[in-house]
Amino acid sequence: MVLTTLGVGAMNSPRYAPAGLLLAHRGVRVMFDGGPGAEPPGRLDAWLVTDARAELMREIRRAAARRGLIPRVGAFRRRGLVIEPRAVVHTSHPAFGYRIRVARRTVVWAPEFLEFPPWAADADLMFAEAAGWSRPIRFARGTGGHASVFEVAGRAAEHRVRRLVFAHVGRPVIRALERGLALPWGELGREGARYLPGRPRPRRRARRR
């Protein structure tokens with residue numbers, strides 16, 4: 001299983017394309033989310049999304065239609081690959097992440113949530129929310145929001161996630177990193193980078209500023 005981050009940005013990011021992941025396994029290709037600037041090359045077997053009412057759904061539908069697909073929230077199984085949607089706390093309507101399994105390896109794609117999803121426990125690799133830096137971003141009228149990297153890193157460690165990749169990077173995180181601050185644990189996703197579920201990266205702690 002090879003996973004490629006085609007985009008690692010939050011909505012309207014000044015630096016990154018929208019968060020999107022391409023999975024390839026034994027000839028099967030599945031796209032997760034994405035949008036303008038984060039569209040997969042070549043054929044696809046499925047295009048799955050975490051929020052069927054997301055602001056980028058119009059663009060995603062157009063890109064999927066060019067490949068004869070309809071983007072959807074749903075499960076997918078083929079050639080030993082098992083993909084299951086799991087609910088996350090994020091906004092006033094249903095939103096999801098995905099738990100992906102091949103043999104004994106587990107990957108989580110959860111680019112947007114306010115509360116860390118407990119179903120991500122024991123993942124070999126997790127692609128996660130990174131909209132806020134040391135504090136969460138909350139929507140108006142208490143309808144949801146985005147967790148901070150400090151919250152995500154701490155909860156991921158508690159839930160025994162082996163490798164954490166931040167894949168929905170917001171402006172507060174960009175500004176913090178530009179000031180020379182370090183992530184508490186985990187790594188910043190890189191557009192076009194390929195990931196394999198494997199050995200964990202060393203954990204480190206950083207001070208909030």
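If I build a Gaussian network model for the chain, linking alpha-carbon pairs within less than 10 angstrom, which residue out of ALA17, ALA110, ALA65 has the largest mean-square fluctuation?
Ranking ALA17, ALA110, ALA65 by mean-square fluctuation puts ALA65 first.
For the chain, modelled as a GNM with alpha-carbon contacts under 10 angstrom, which of ARG104, ARG67, ARG194 fluctuates the most?
ARG104
For ILE70 and THR4, what is the calculated FRET efficiency with R₀ set at 30 Å and r taken between the beta-carbons, to the nearest 0.05? Write out the running numbers ahead of the final one.
On the way: r = 22 Å, r/R0 = 0.74.
FRET efficiency, ILE70 to THR4: 0.85.
Which chymotrypsin sites (Phe, Trp or Tyr not before Pro) does region 102-171 hold that lie in a coil by DSSP with at most 15 other beta carbons within 10 Å?
Qualifying residues, ordered by number: PHE139.
In whole Hz, what ³J(HN,Hα) sequence does region 82-88 give by Karplus (6.51, -1.76, 1.60; θ = phi - 60°), x for Gly and Pro?
Each residue of region 82-88 in turn: 10, 10, 10, x, 10, 5, 10 Hz.
Got a sec? Charge dipole of region 2-195, +1 on Cβ for Lys and Arg, -1 for Asp and Glu; which of GLY189, GLY37, PRO118 is way out at the positive end?
GLY37
Taking the Cα centre as origin and putting +1 on Lys and Arg beta-carbons and -1 on Asp and Glu beta-carbons, what dipole magnitude results for the chain, to the nearest 20 debye?
My answer is approximately 500 debye.
Just so you know, all these numbers are worked out from the coordinates, no wet-lab data involved. In this text the structure is predicted, and so the values were computed from the model without any measurement. Cβ atoms come from the backbone with ideal geometry, glycine included; neighbour counts cover every protein chain shown.
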